[in-house]
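Step one of this worksheet: look at the structure below.
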């Protein structure tokens, strides 16, 4: 802008100022107009701060256009990230309108992580452009990957701003993914073992594996280029020849004058076959057109075949189909053509073969065999053509081909060769992957086949020639013979003529006639024979006139003679001259004939030589080729077999390796291989489990570090290396979790194929269970040992088959040995048994073999001759063939027990004896003691009775005392008897119903009860284990007492029973006189009485007996006072034993 | 031959008793019953058998109607005699009353096992003894129907 100017006071200055202002205004207006019109790009202003440049929007337009249309997003951010400006592409990326974006924060369109990334990028802009990848979030919520380039700039002293260019990475990412996929696909396909190829729609090979055969790259045209050329060749050749026929150009028909011409049918056939051989049209022409074309070509091929077949038929069946001249007619007599206008038979055959081959290759292209057949047919065609060409260069070229028919023309053969080769090639290419033999071998075979065919063809052709030569020879000989005959006949005629002339003999005349006729005949024959060949005919025409002339002259002469005309003087000489001329002609003819004969012979010879040569050479060559091919095949086969064997070996090795590996992995023991440096080289799954460390970690690590005692592990390793192996080395593996496992470590050295030590193979067997079992076993054995020692039991393990025994020391001690005797067995044991018990010993063993259990008690003699009782128990553990093989048992010294037992038995016996004695005594007492008593009592009473009146009261009183005393004696005896019988007549205890026993007792006391009016009450009384008779007696005594010791009232007795632990407490309660406490103890003593006999009768043994009975039953008895003043006698009896 | 109850007839009683005193007492008791009995006394079992079988000096011995047998005998034991009598087909019909001092249960059982007709324990008291004898006499001679001879 303009500089500020200070104000002035004067008006002139004011107007000058005004003018200046106006000027400035005009400038400004101009400027504005210029700007408006877009003529100005930028303004440079000098201001207080110097010159500054401002670009204007018109200039901006270009840039604006650039920014708006570019395919990246552009955005300007303020320092705090607010969008100052953004272009349309960014708006499109974010899916929002640009107006919405301006003024909002860019980070609003970024996900959280990317916001930080963006900040990072912006922070990094310094002098250089900062770049980075972030994700934008479109309004639709999709993540848009983007590449950001940011740079910072200052705007007009404003804050720092950032300018960002944001490139959309979506497409790039997609391409990246595609590329990655491509790479992956390639990495899969290319190294594949199988042949694989990937092609696009045009058939272009996109990707192929290494194993895929090399197929031709490129488009349709190049692939079938060769085939197209061949077909075109055929068509062109045919067309040219047809043109030659049409225009009658000999050069086109038969290339060289001496060569056979290509027949019109052949040319047509070539055209048709050429069309047929065009490769199938590409699919791009459209399916309809393609199929039409393929149909059309097929038809053409078939037509060609038809022509060929018809021609063949014509040859074979000598039938004229009329197809030969249908295009153009050929004049007869052309070179090498048997039937004018008809193609050679081999041409016809070739057409048929070609068509067949094409059909097979086209339609049956899938099957190996049809392709093979097509290839063979193509090969045949080529061979035929080649053979035909060859014949042009062999010495046997005659005018005729097979069977004297037309020869194939050279161009025909050439074209066929090419066509056949192309068919062969096509089929071969299609089939080559299915063909197992190598190319060399196949080519060799093909060559051999070709040679064979060629040799055969040539041989057949040659044979034809030979036949012809032979015919020629025969013909020549015949001719010569006939000439000779003519000569002879004419000579004979001459002779006869001369003869007649001389003699005039009629016979001569006749002979002459005959000779003349013969001459004529011979001449005719000669004419006939020579008719076939013009040269011979020419010679005949030399002979005939002279012969005929001679004959005529002879006739003339004869006629002359016959007619009497004389012979002209020069007649004979004329005849001679004629004959000379004739002879000369004959000689010439003979000479020529002879020459021809020789020629024929020579030809035949040559031909036969040639045939031999061909046959031999051909045979040899093909044989050698076949042999070579066979050898090659064999080699190839051998190589294949070797490869197969290698493969099998490899597969077997792989399977073996796999099997070995799977075994190793399946093993439950940790297995390791350790290299000479002590590092682990290989582990199995169990090792991973045992150490708790991953496979990758284990391999390469120090093996000793996985053991609780690494030094010990190392020592074992060194030992293994030094000695070659180490077994059963106890170690402890430390699991990563800290658990320790006891193992037994076996290691052995292994070597590589050269015998060098490659490392150590280690196996560890977990023996923690084993350890535990061992400890348990030791503990059990300790306990057993202790038990045996304290029980004094000896253990023996007897091997009955070998009669040896394992036994403990205690066992030997039981037999009286302090130290173990060297051997032991059943026999030795028997020797220690006392003789009386030996039988029992043997019997016990026999019983054991039957029942399996052994029990023996017998006496043995110790070495110190003392006798001890032993008890042995055992069990048969194993049988062998039905007999016990092994017995295990214990033995114990029971001498003390036995002694105790004996003592017991003895005391029992003595007890029994004493009981018996007592019983005896009691019996005696009951009888013998009472007898005298009875006597005393009886007779004293008898005396009393007798002296009844004579005795005074005093005397009677004395008698009374005496009797009384005796009676008492008797009672005492009876009581003693009863008392003793408690034990001597004791019955074994049984279940006794005490209620029943009470009833029995009451029955016995029935009279007393009735007499005294006693009442006996009893509640239900239990069943007890008791002696029935004694229980009855007990109850009887007690109740009798209760009734007896009752004064002034009717006795009332109560019997009760109360259950206590394992026994019953009975009580007999009476209402009698009672017993003072101080006397209670005495009552149970035998014969002790508390009252006089006068008061209460009884001997005083009742309660003693009761006590004895109760005590025998294992019970107790006692007296208490009853509450009502009577007495309670209680006693206990054992309860009934439960069964 | 049967005997009517009212008829008095003379019964033959054989007493097998080794103790003469006891025998005397028994005889006294028998006399007291005032029944017409004829009592023969033998002192041991052997003689008893001879008497019963009319052997030896007892060839003319009458067949007794009742045998009173004391078990406690020398030589041949009373039980043996009893057994002998009761197995002899000719003698077993004769009722045998075992008259003995023993009250032993086993003796009683043995006697009855051997088919004694009755077992009586001799009381010590004379009066009682006499009563029992009278009873025996009364019962066995007069009440009971004896088998005929």
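Laboratory data are not the source of any read-out in this text; all were calculated from the coordinates shown. Since the structure is predicted, the reported quantities are computational estimates derived from the model, not experimental observations. Methodologically, a virtual Cβ is constructed for each residue, glycine included, from the backbone with ideal geometry; neighbour enumeration extends over all protein chains shown.
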Subject >> Relative contact order, percent, the stretch A:792-893 [alpha-carbon distance under 8 Å, six or more residues apart] >> reply: 31 percent
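In nm², what is the average projected area of the convex hull enclosing the Cα atoms of the protein assembly as shown?
On the way: hull surface 685.0 nm².
The orientation-averaged projected area of the Cα hull of the protein assembly as shown comes to 171.2 nm².
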Subject >> Euclidean distance between Cα centres, the stretch A:57-136 to the stretch A:725-770, Å >> reply: 68 Å
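What number, rounded to the nearest 500 deg cm²/dmol, is the helix-based mean residue ellipticity at 222 nm of chain A, given -39500 (n - 2.57) per DSSP H run of at least four residues and division by all its residues? Provide the component values of the computation, followed by the final result.
Numbers: 32 runs with 646 residues, N = 1139.
-19500 deg cm²/dmol, from helical runs alone.
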Original post:
Of the listed peptides A:1058-1066, A:1126-1134, B:39-47, what is their order by residue-averaged count of other C-beta atoms within 10 Å, with the highest listed first?
Top reply: A:1126-1134, B:39-47, A:1058-1066
Original post:
So if we plug the beta-carbon distance of residue A:31 and residue A:173 into 1/(1 + (r/R0)^6) with R0 = 56 Å, what FRET efficiency do we get, rounded to 0.05?
Top reply: 0.65
Original post:
Expressed as a fraction of 2.2 N^0.38 Å, the rule-of-thumb size for a compact globular protein of N residues, what is the C-alpha radius of gyration of the stretch B:11-141?
Top reply: 0.97
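Report, as an integer, the average count of C-beta atoms from other chains found within 10 Å of each Cβ along B:121-128.
So the per-residue partner count for this stretch is 6.
Estimate the FRET efficiency between residue A:839 and residue B:117 by the formula 1/(1 + (r/R0)^6), using the beta-carbon distance for r and 60 Å for R0, to the nearest 0.05. All intermediate terms of the calculation are to be shown ahead of the outcome.
Details: r = 55 Å, r/R0 = 0.92.
Efficiency for this residue pair is about 0.60.
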Original post:
Given the Cα-Cα distance of residue A:514 and residue A:447 and 0.36 nm per residue of separation, how much length would full extension add, in nm?
Top reply: 17.4 nm
Original post:
Expressed as a whole number of Å, what is the distance separating the alpha-carbon centroids of the stretch A:827-881 and the stretch A:475-490?
Top reply: 144 Å
Subject >> Within 10 Å of each Cβ in B:27-34, the average number of Cβ atoms from other chains >> reply: 1
**OP:** Taking 7 Å along the Cα-to-C-beta vector as the label spot, tell me the residue A:917-residue A:602 distance in nanometres, rounded to one decimal.
**Re:** 17.3 nm
**OP:** Give, in nm to one decimal, the length gained when the segment between residue A:924 and residue A:251 is fully stretched (0.36 nm per residue of separation minus the Cα-Cα distance).
**Re:** 224.3 nm
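Mind pulling up the Rg/Rh value for the stretch A:988-1134? Radius of gyration and Kirkwood radius, both on Cα. Mind showing how you got there, number by number?
Values: Rg = 14.3 Å, Rh = 15.3 Å.
Using only Cα positions, Rg/Rh for the stretch A:988-1134 is 0.94.
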**OP:** State the extension gain, in nm to one decimal, for the chain segment bounded by residue A:478 and residue A:765, taking 0.36 nm per residue of separation less the distance between their alpha-carbons.
**Re:** 92.0 nm
Original post:
How many nm separate the modelled label positions at residue A:133 and residue B:92, each set 7 Å beyond the Cα in the direction of the Cβ?
Top reply: 13.6 nm
Subject >> Virtual spin-label span in nm between residue A:750 and residue A:727, 7 Å along Cα→Cβ >> reply: 1.9 nm
Original post:
Which of the peptides B:124-137, A:128-141, A:797-810 is most tightly packed, and how do the rest follow, judged by the mean count of other Cβ atoms within 10 Å per residue?
Top reply: B:124-137, A:797-810, A:128-141
Subject >> Helix A:439-503 axis, angle to chain A major axis (alpha carbon atoms, nearest 10°) >> reply: 40 degrees
Subject >> Exercise: per-residue mean of other protein chain Cβ atoms within 10 Å, A:928-934 >> reply: 5
Original post:
For residue A:775 and residue A:831, FRET efficiency with R0 = 30 Å and r from the beta-carbon atoms, rounded to 0.05?
Top reply: 0.10
